[in-house]
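See below for the structure under consideration.
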Amino acid sequence: MSERKVVTVTTAEAKRQNDIMLELAQHLQDKELKYWLQTFGCQMNAHDSEKIEGMLKKMGYVKANSENEADFILYNTCCVRENAELKIFGKLGHLKSRKRKNPNLMIALCGCMMQQDIVLDTLKKKYNFVDMIFGTYNIYKLPELLQTRFETQENVIDIWEKHEHIVEDLPSIRKHNFKSCVNIMYGCNNFCTYCIVPYVRGRERSRELNDILDDIKKLVNDGVVEIMLLGQNVNSYGKTLTPPLNFANLLEHVAQIEGLKRVRFMTSHPKDLSDELIEVMAKYPTICDNLHLPFQSGSSKVLKTMNRGYTKEDYLELVSKIKLAIPHITLTSDIIVGFPDETEEDFEHTLDVVKEVEFISAFTFIYSKRTGTPAATMNGQVDETVVKDRFNRLIATLDPISARIMNSQIGKTETILVEEISKNGNNIYSGRTDAGILVHVELPENKIGQFVDVKITSAKTHYLNGELI
Ligand code: SAH
Ligand code: SF4
Ligand code: F3S
C-alpha cells in the first residue's frame with residue numbers, strides 16, 4: 001500500500017462545498033425539510049456527525065423531533081464489532097416499508113461500515129432503496145452528493161478507497177457550547193489483528209499544529225472550557241508532518257491556551273506513550289488527571305498475536321511510571337475477551353492486570369470476528385460459553401475495584417464541570433471531576449457549563465453523589 005507523506009489541506013474544496021450549500025439552501029428554502037441523524041460508534045463518528053449537522057443546517061434543513069417526522073434520515077455507521085452492523089441492518093429493515101409508503105423520504109448511510117466492499121454489495125443487492133451512500137473520507141462532500149441526488153433523481157454511491165485531503169473550515173454544530181472534541185489526526189497505522197478501523201479509516205495523518213491551535217482558540221473564544229483531543233492513537237501524532245512533531249509538544253501548546261480550563265485526550269496506545277508526555281501531563285494543571293490506556297489483554301502471548309507491540313510487563317511498568325509521576329491519576333481501559341487461542345491461563349493474566357492497575361472503569365468487549373482482519377482467519381476461535389463465562393468474571397473483578405475507588409472519594413471536595421440535567425430527577429445535574437468521574441448533585445439553578453464545588457456524600461460503582469458547597 002502506498003503511503004502519502006504530504007497531506008493536502010484544502011480550504012478551496014471547503015469553499016466549493018460551501019457554494020453548493022448556499023445554492024441548495026436557496027433551492028430548498030420554502031420546503032421546511034427536516035433531518036434525523038443517528039450516530040453509531042466512537043467519538044470520531046460523533047465528531048463527524050457534528051460536521052454533517054453543520055452542513056445540513058447550512059443547506060436549510062431543520063432537526064426533526066423524531067425519526068418518524070424526518071424527510072431526510074442519515075445513519076453515521078460503525079463496524080468495529082458485528083453487533084454494530086446488525087443494528088444498522090435491523091434499522092434498514094424498518095425503513096424499507098416507510099420508504100415504500102413515502103418515496104420522497106430520503107435515506108443516507110455514511111461512516112465506517114460503508115467502507116467495506118462486502119457491506120456495499122449487500123446494500124446494493126438487498127437495500128437498493130437507500131438514496132445516498134458515502135464513506136469516511138468524503139463526508140465534506142455531502143452538499144455535492146445531495147445536489148447530484150436531486151438533479152439526477154438517482155441513488156448516489158461515493159466511496160473512496162483512501163483519503164485525498166483533510167478539508168478544514170467546514171461548518172459544524174456542536175452538541176455542547178462549553179466543551180468540544182477536536183480531531184488532531186485521522187486514521188490508524190497500527191493494524192491490531194482484530195481491528196477493522198485501519199481498513200475503514202485509512203492511514204494515519206495528522207493535522208497541522210497551527211490548525212489545531214487556531215481551532216481551539218476559536219472554541220475558547222466561543223466559551224468552550226474543556227477540550228478533548230481525538231485520534232485513534234494520539235501518541236503517534238505528528239509523525240507524518242514535516243518537520244515532525246510529537247504529541248507531548250502539541251499537548252504542551254494546548255495546555256497553555258489562555259482561558260482553556262481542561263484538556264483531555266484519547267486514545268493513547270501504550271506502545272507509544274513517551275516519558276516526555278508523562279512529564280507534560282504532570283506539569284500542567286489544565287491537563288486532566290485521567291488516562292484512557294487500553295491494554296486489551298494481559299497475556300503477552302495474546303498481545304503478540306494481537307500485534308499490540310508491548311507485553312504484560314511493559315504495560316504494568318508503564319502504569320507504575322505514570323502513577324509515580326501523577327499520583328491522583330485515574331486510569332480507564334479497553335479489554336477484549338475471547339481473542340483466538342485465548343486460554344484460561346491467558347485470561348487470568350488479564351484479571352491480574354485489572355487487579356494490579358485498579359482501573360476506575362473499563363470498556364469490556366467480547367471478541368468479534370471482522371472479515372478482512374488477520375484475526376478472522378486465525379485458528380482457535382474460543383467457544384461462546386467459555387467467552388461469556390470469562391466476560392462475566394472480568395466484570396465481577398472490575399466492579400468491586402471501581403466501587404472501592406468510588407467509595408474512597410466520599411468526604412472529599414471536588415470541582416465538577418456541570419454537563420447536563422441528570423435523568424435521576426428534578427434539579428439533579430451531572431458533571432465530571434478533573435479525573436473524569438461522574439458526579440450527581442442537586443443545584444438550585446441551571447449551572448450547565450459552569451464549574452461548581454461539591455462535597456462527595458455517597459458512591460455507587462460508576463458514579464458519585466455530592467452536595468453543593
Ligand atoms: N484506537 C483505539 C480504539 C479503537 S476501537 C485504541 O487502539 O485503543 C475501541 C475498542 O474496541 C478497542 O480498544 C478494542 O478494545 C475494541 N475492539 C476493536 N475491534 C474489536 C473486535 N474485533 N472485537 C472486539 N472488540 C474490538
Ligand atoms: Fe484499532 Fe489498534 Fe488502531 Fe486502535 S490502535 S484503532 S485497536 S488498529
Ligand atoms: Fe469508531 Fe466504529 Fe469507526 S469505533 S472509527 S465508528 S468502526
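Bear in mind that the values in this text are calculations on the coordinates, not laboratory data. None of these values were measured; they are calculated from a predicted model. We place every Cβ from the backbone using ideal geometry, glycine too, and count neighbours over all the protein chains shown.
Tabulated data for the structure shown
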quantity	calculated
Normalised convex hull volume, the chain, alpha-carbon set, Å³ per residue	162 Å³
Convex hull (Cα only) mean projected area of region 413-468, reported in nm² to one decimal	3.3 nm²
28 Å Cα-Cα reach of K323 towards lysines, excluding residues that sit fewer than 8 places from it in its own chain	K179, K239, K261, K271, K283, K301, K304, K312, K355, K412, K455, K460
Cα-Cα P(r), region 129-200, percent of pairs per 5 Å interval	3, 12, 17, 18, 18, 16, 11, 4, 1
Rg/Rh for region 334-394, where both radii come from Cα atoms and Rh is the Kirkwood radius	0.98
Calculated log₁₀ intensity ratio I(q)/I(0) where the Debye formula runs over C-alpha points of region 20-78, q = 0.18, 0.21 Å⁻¹	-0.62, -0.79
Rg [Å, one decimal], Dmax [Å, integer] - region 301-408, C-alpha atoms	14.8, 45
Reduced Cα scattering model of region 4-163, Debye log10 I(q)/I(0), q = 0.08 Å⁻¹	-0.22
Length-normalised contact order of region 4-163 in % [C-alpha pairs under 8 Å, at least 6 apart]	22 percent
Among 229-236, 300-307, the order from most to least packed when residues are scored by Cβ within 10 Å on average	229-236, 300-307
Cβ-derived FRET efficiency at R0 51 Å, R149 paired with E279, nearest 0.05	0.50
FRET E, pair L22, E384, Förster distance 35 Å, beta-carbon r, rounded to 0.05	0.05
Rounded to 5, the percent of DSSP beta bridges in the chain classed as antiparallel	30 percent
Overall Cα dimensions of region 361-432, principal axis frame, Å, largest first	52, 26, 21
Helix runs (DSSP H) in the chain reaching 24 Å along axis by Cα, Kyte-Doolittle at least -0.5	384-407
Descending principal axes extents, region 189-344, alpha-carbon based, whole Å	53, 36, 27
Two-site label geometry, N392 and K124: point separation in nm, points 7 Å out along Cα→Cβ	4.5 nm
³J(HN,Hα) computed for each position of region 171-182 - Karplus, 6.51 cos²θ - 1.76 cosθ + 1.60, integer Hz, glycine/proline x	x, 7, 10, 8, 5, 10, 9, 10, 9, 7, 8, 10
Those GluC sites (Glu not before Pro) in region 113-222 that DSSP places in a loop and that have at most 11 other beta carbons within 10 Å	E154, E161
Net charge of neighbours whose Cβ lies under 9 Å from the Cβ of K34, counting Lys and Arg as +1 and Asp and Glu as -1	-2
K63 long-range amide H proximity, modeled H, under 5 Å	Y35
Highest average packing first - 370-379, 174-183, 127-136, Cβ atoms within 10 Å	127-136, 174-183, 370-379
Cα centroid separation, region 202-245 to region 350-419 (Å)	29 Å
Sequence-separation-based contact order of the chain, relative, with Cα cut under 8 Å and 6+ spacing, percent	10 percent
Stretchable slack from K355 to H328, in nm (0.36 nm times residue separation minus alpha-carbon distance)	8.0 nm
Euclidean distance between Cα centres, region 26-103 to region 429-447, Å	31 Å
Rh (Kirkwood; distinct C-alpha pairs) - region 152-275, Å	15.9 Å
